[in-house]
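One structure is given here, and the rest of the page talks about it.
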Amino acid sequence: MANETSYEVYQAWLNDPNIDGGTKDELRAIADQPKEIEDRFYRELEFGTGGLRGVMGAGTNRMNRYVIGKATQGFAEFLLRVGSAAPAAVIAHDSRRNSDVFALESACVLAANGIKTYLFRSLRPTPQLSFAVRDLKAAGGIVITASHNPPEYNGYKVYGADGGQLIPDDAEKVIASIRAVASFDDVKRLTPEEAEAKGLLVWLDEEADEKFVDAVAAQTVNPEALRAGAGEAISIVYTPLHGTGNLPVRRVLEKAGFTQVHIVPEQEKPDGMFPTVKSPNPEEHEAFTLAMALADKVGADIIVGTDPDADRMGAVVKNDEGKYVVLSGNQSGAIMVYYLLSSLKEKGKLPANGAVVKTIVTSEMGADIARSYGCEVMNTLTGFKYIGEKMTEFEKTGSHRFLFGYEESYGYLTGTYARDKDAIVASLLISEAAAYYKAQGKTLYDVLLELYAKYGTYLEKLESRTLKGKDGVEKIVSIMSDWRENPPAEVAGVSVSKVLDYSGGLDGFPPENVLKFLLEDGSWFCLRPSGTEPKIKVYFAVRKGSLPDASAAIAELAAAVMARVDSLS
């Protein structure tokens, strides 16, 4: 495709006998829209280290069954090279439009390549896919999801035998295999009926669900306290935001002993259009509007929300004025680290070789808490696949015992049953923490203030700019180049002490297009193009002696940096 124009590729799709009539009708409808043709065909949708993600529709730069078929053919060839003589795979999907279609298409391609494929009959959370790959000893897995992206998106993530998303070396092998699929003629495919008849398509049933729920529920830290009534004493409002979390979160909370769980009725049912929210993202405060109204009505102690594929969890608690406030991912993470480690220490179960793993854009607050309990803290690049990679390393070497992993974007995991972030276990752990501290007369906000008093007031902020299309890609490249080639000597009156450029594989990490600027006062900011959306993300972090000082400092830092970013976009 490199030597072909967008229009030539567009015409090739119209003339390809493998493309169905409906897809061709969609393409004919844009025949007089050259910009739309260019955007759909100027490139092949990029298969990154986590897989594919893009707007659904016809074209090489869109999510559709043909792009997915080609990707799955490449993944199948990878599995046949690295797996056993008869490798197996697991596939799950979320509540988005076409997710079930894309999941079945992927299964039919894997089956045609002789790979036994386990497929869930209906939507399941991403962490359950990770668990199932490990439980079934499969060579790999696929989950169809675009996580918390807007409704027009869908995605395709691939997993290795350890249950983690593919790390860069393996992802590059899959990418090479996909590129070797010259045309849609090279994509093998069985019908679902043929795959079942050959024993190459196996539908997963309730037994798989029970195993997963049991594995998550086993992560409770103080089960005896919950059984003794702490779980009954706390009121929880939960919203699955029209996604996959509804049943597993409720089942896990019930199994742990929580009896007052109120579900937001308008957001309970799966719906890929996410009609009640602008974005089905627990990072967005607006996503909790309906949940807060229900919480006011029932007098809830905590609100918990999960994104469509239930790998991200957001929490809302009452502040010292009795008003509901949304915790940031860093704040929730720090509270859970503190609750987990302090409970383990109190029980005499804190291991000498315990490890907490976080990403380079995650707050240092949780790290300081973990170190105060004698745990080693390790950083990774952004993306839970790197945390999963560390977990697998610990499992192989026995060097450390994994206790908790998290990233600022609301992704958490405790326990080793999975290798991806899990909003279900996070919902359990933060609800358990809320119950534990309520028994002491405290809210989670009270606990946060206590942590600020002991460890310092850490505040973080994320700004992003969405730059769509081919022009947007070029602008993001230009912004990164400008900051890389012209690093500032000072920002907001504070000198820059160090610039960390991860594009060359800094600190033993694989190369990543990330710039992190450390300031003399301990603050930092980081620029990073999103790997899943047409955005450039800018992360900010400060540590001060009080909340007002921290708030003022982070506002000033963000304003100075974003003024330059905006001038370039």
Test each condition in (1) closer than 27 Å to Pro270 by Cβ; (2) at pLDDT 95 or above; (3) not hydroxyl-bearing (Ser, Thr, Tyr) for His148 and report the one that comes out false. (2)
Near pairs, Cβ below 6 angstrom, 6+ apart or cross-chain, from region 408-420 (within 8 Å of Arg312 (Cα to Cα)) to any residue that is buried (at least 24 other Cβ atoms within 10 Å of the Cβ) and among the aromatic types (Phe, Trp, Tyr): Gly411/Phe384; Tyr412/Tyr406
Counting residues that are farther than 27 Å from Ser530 by Cα, which strands (runs of 3 or more DSSP E) fully inside region 32-138 reach at least 2? 88-93, 116-120
Residues of region 228-241 satisfying the condition of being in contact (Cβ under 8 Å) with a residue 60 or more places away in the chain and either part of a strand (DSSP E or B) or over 28 Å from Ala293 (Cβ atoms) (or both): Ser235, Ile236, Val237, Tyr238, Thr239
Being buried (at least 23 other Cβ atoms within 10 Å of the Cβ) and touching a helix residue (DSSP H, G or I) at 6+ places or on another chain (Cβ under 7 Å) is the filter here, so list the residues in region 75-86 that pass it. Phe75, Ala76, Phe78
Single residue of Val491, Val477 found to be surrounded by 16 or more Cβ atoms within 10 Å (Cβ to Cβ), outside the structural domain of Asn281 (by TED's automatic domain parsing) and among the hydrophobic types (A, V, I, L, M, F, W, C): Val491
Going through region 378-412 in order, the residues found to be part of a loop (DSSP other than H, G, I, E, B) and farther than 11 Å from Thr359 by Cα are Gly398, Ser399, His400, Tyr410
Unique match (being part of a helix (DSSP H, G or I) and either touching a Gly at 6+ places or on another chain (Cβ under 6 Å) or of a type in the set (Val, Ile, Thr) (or both)) among Val202, Val249, Val277, Val181: Val249
Selection count where residues are among the charged types (D, E, K, R), buried (at least 21 other Cβ atoms within 10 Å of the Cβ) and closer than 27 Å to Arg371 by Cα, scope region 301-345: 2
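When the residues of region 303-327 are narrowed to those that are of a type outside the set (Asp, Glu) and either under 15 Å from the mean Cα position of the chain (by Cα) or not assigned by TED's automatic domain parsing to the domain that holds Ser235 (or both), which ends up farthest from Phe258 (Cα to Cα)?
In this case the residue turns out to be Pro308.
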Given (1) out of contact with any Lys or Arg (no Cβ under 9 Å at 6 or more places or on another chain); (2) hydrophobic (A, V, I, L, M, F, W, C); (3) over 27 Å from Val237 (Cβ atoms); (4) not in a strand (DSSP E or B), identify the lone condition not met by Ala367. (1)
Result of the Cβ filter at 9 Å on region 158-184, keeping first residues that are modelled with pLDDT of 90 or more and partners that are part of a strand (DSSP E or B) and of a type in the set (Lys, Arg), at least 6 apart or interchain, is Gln165/Lys157; Leu166/Lys157
Single unsatisfied condition, Thr239 versus (1) surrounded by fewer than 19 Cβ atoms within 10 Å (Cβ to Cβ); (2) touching a strand residue (DSSP E or B) at 6+ places or on another chain (Cβ under 9 Å): (1)
Got a sec? Which of Val317, Val325, Val361 is assigned to a loop (DSSP other than H, G, I, E, B), more than 24 Å from Val213 (Cα to Cα) and touching a residue at least 60 places away in the same chain (Cβ under 8 Å)? Val361
Determine whether region 104-114 contains at least one residue that is hydrophobic (A, V, I, L, M, F, W, C) and over 14 Å from Glu196 (Cα atoms). no
If a residue has to be over 19 Å from Arg250 (Cα atoms), touching a residue at least 40 places away in the same chain (Cβ under 8 Å) and not small (Gly, Ala, Ser) to count, how many in region 195-227 make the cut? 6
Go through region 413-449 and give me each residue that's surrounded by fewer than 24 Cβ atoms within 10 Å (Cβ to Cβ), charged (D, E, K, R) and not in a helix (DSSP H, G or I). Lys442
Within region 216-226, is there a residue that is among the charged types (D, E, K, R) and either closer than 20 Å to Asp309 by Cβ or modelled with pLDDT of 95 or more (or both)? no
The one condition Glu533 fails out of (1) over 30 Å from Ala370 (Cα atoms); (2) in contact (Cβ under 8 Å) with a residue 60 or more places away in the chain; (3) among the acidic types (Asp, Glu); (4) surrounded by fewer than 17 Cβ atoms within 10 Å (Cβ to Cβ) is (4)
Say whether the condition of being surrounded by 20 or more Cβ atoms within 10 Å (Cβ to Cβ) and more than 30 Å from Asp271 (Cβ to Cβ) is met by at least one residue in region 98-113. yes
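The values are calculated or read from the model by the stated rules, or taken from the named source; none is laboratory data. Fair warning: this is a prediction, and the values are worked out from it, not measured in the lab. Please note: Cβ atoms are built from the backbone with ideal geometry, for glycine as well, and neighbour counts cover all protein chains shown.
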